[in-house]
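Note sheet for the following structure.
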Amino acid sequence: MTYEPDLSSAAPSSPPFDLAVTDRLLSTTRSVRKRLDLDRPVPAEMLLECLRLAVQAPTGSNSQGWRWMVVTDADKRRELARLYREGGEGYLRASASQAMDPQTKRVYESAIHLTETLEKVPVHVVPCIQGRAESTVNAMSASIYGSILPAVWSFMLALRSRGLGSAWTTLHLVKEREAAEVLGIPYDSVTQVALLPVAYTVGNAFKPASRPPVESLTYWNTWDASGDS
């Protein structure tokens, strides 16, 4: 006999949030590179507002080890942009030239555009987490990254809801030690996980991306098993 719990009484009569608004936020928070407004300043209080929401994200063992490096200084942004180009511009251009799929090619071309404009983006945010993941077991490194990545995504959603955009970039991490020196980050005890260029967006008409059907990516109980049977 199979036990099937009766959830009818436990289920809320209506969702606690406006699902249309929530789903639109979740499905249209895109990587923004070409449509960042390079001339419009971003108020510090708005950044702090988004970060206050970001730090509501869960962390491993409630460690709360996230740290946020907000860079508005033009000279430091210029240095970070230089490190970003040195770390990945060659890779991006080679990948763009080899891409066969038009959508993939556009993504690489957009990323190349960011290498050319990054220093002009008014704010760079470098999310950090206390600790280092090198030479540790996967469970520990997963815990370190799992304690910062949800907060970063919450930050990007908060930006989107306020008319700002960003893109999750990691190419500067090829030069992470040099970036740490530029920003005064203690490299031996703090891990940088991304560099987010932050600005108001030019327009707000972002659409959901083309993705494979989730059914083809979801396995039930056994790897590569569908839920049809």
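Where a number appears in this text, it was derived from the coordinates with a stated rule and is not lab data. No experiment lies behind these values; they were computed from the predicted model shown. Every residue, glycine among them, receives a Cβ derived from its backbone with ideal geometry; neighbour counts consider all protein chains shown.
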### Message
As a quick test, which of the pairs K175/K207; K34/K207; K105/K207 have an alpha carbon distance above 23 angstrom in this structure?
### Response
K175/K207
### Query
For the Cα atoms of the chain, what angle does the longest principal axis make with the long axis of helix 149-161, in degrees from 0 to 90, nearest 10?
80
### Message
If I fit a long axis through the Cα atoms of helix 102-117 and take the longest principal axis of the Cα atoms of the chain, what angle between them do I get, 0 to 90°, rounded to 10?
### Response
40
### Query
Among T28, T115, what is the fewest-to-most ranking by other Cβ atoms within 10 Å?
T28, T115
### Summary
For 50-63, 71-84, ranked highest to lowest by mean beta-carbon neighbours within 10 Å, the order is 71-84, 50-63
### Query
Can you give the extra length, in nm with one decimal, that the chain gains between S189 and A142 once fully stretched, where that is 0.36 nm per residue apart less the Cα-Cα distance?
15.3 nm
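How much of the calculated P(r) for the chain lies past 33 Å, in percent of all Cα pairs?
Numbers: 6790 of 26106 pairs.
Across the chain, Cα pairs with separations above 33 Å total 26 percent.
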### Query
Taking the chain as a Gaussian network, where each spring joins two C-alpha atoms under 10 Å apart, which residue of P122, P16, P102 fluctuates the most?
P16
